[in-house]
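Participant: Please find one structure pasted underneath; my questions will follow.
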């Protein structure tokens, strides 16, 4: 299993990579997500509960001759309800993407997410000492994950919603 940024997005949260794949021909798979995902600590003062309302997301993954993933395209429909559990405040977002993940030989990945995605970062995900953050980005965002799992936002265009402020405000 490979975590996409974040959900990801709730992808956009989890990416399954089949162990038996042939080079050149993509493998298409649904992205199964649990119906409820608890995300403690993804906001400075609280966590978020993500209820998956609609999940018709799928991934098409291309592999090299050794069977290692090279590129994944995520498409389909993904709608979530994001809730601050103590107050019950919630929002519903269509975070269907799409996006492309490139798998680099050094073990790092680069996600180019277009459209609308939900991203969450735990403390330290964006480098030592970084604060938690949860956003809905509409536009294009490029997130690089190094071989140690440290993520960095390389570029971002469009509109960003601070989910922590929306739910906590």
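Participant: Order of 129-138, 145-154 by packing, highest average Cβ count within 10 Å first?
Facilitator: Values: 129-138: 18.9, 145-154: 14.2.
Order by mean packing, descending: 129-138, 145-154.
Participant: May I pose another question? With each pseudo-label sitting 7 Å past Cα toward Cβ, what's the residue 86-residue 165 distance in nm, one decimal?
Facilitator: In this crude spin-label approximation the distance works out to 2.0 nm.
Participant: Further question on the same structure: For residue 150 and residue 131 in the same chain, what is the full-extension length gain: residue separation times 0.36 nm, less their Cα-Cα distance, in nm? Each step should come with its number before you reach the end.
Facilitator: Working: separation 19, 0.36 × 19 = 6.84 nm, distance 1.30 nm.
Extra length from residue 150 to residue 131 when fully extended: 5.5 nm.
Participant: Go through [x] 10, 29, 30, 21, 9, 1; [y] 11, 41, 35, 11, 2, 0; [z] 8, 25, 29, 24, 11, 2, 1, 0 and flag the label whose value is the computed P(r) over Cα pairs in 10 Å bins from 0, in percent for this structure.
Facilitator: Working out P(r) over Cα pairs in 10 Å bins from 0, in percent from the coordinates points to [y].
Participant: Let me have the 222 nm mean residue ellipticity of the chain computed from DSSP H runs of 4+ only, each contributing -39500 (n - 2.57), with the sum over all residues rounded to the nearest 500.
Facilitator: Working: 1 runs with 6 residues, N = 169.
Per the formula, -1000 deg cm²/dmol.
Participant: What is the fewest-to-most order of 126, 111, 39 by other Cβ atoms lying within 10 Å of their Cβ? Provide the component values of the computation, followed by the final result.
Facilitator: Values: 126 17, 111 27, 39 20.
Lowest to highest Cβ neighbour count: 126, 39, 111.
Every read-out reported here was derived from the displayed coordinates using simple, explicitly stated rules and does not represent laboratory data. Worth saying up front: this structure is predicted, and the values here are computed from it rather than measured. Positions of Cβ are generated from backbone atoms using ideal geometry, with glycine treated the same way; all protein chains shown enter the neighbour counts.
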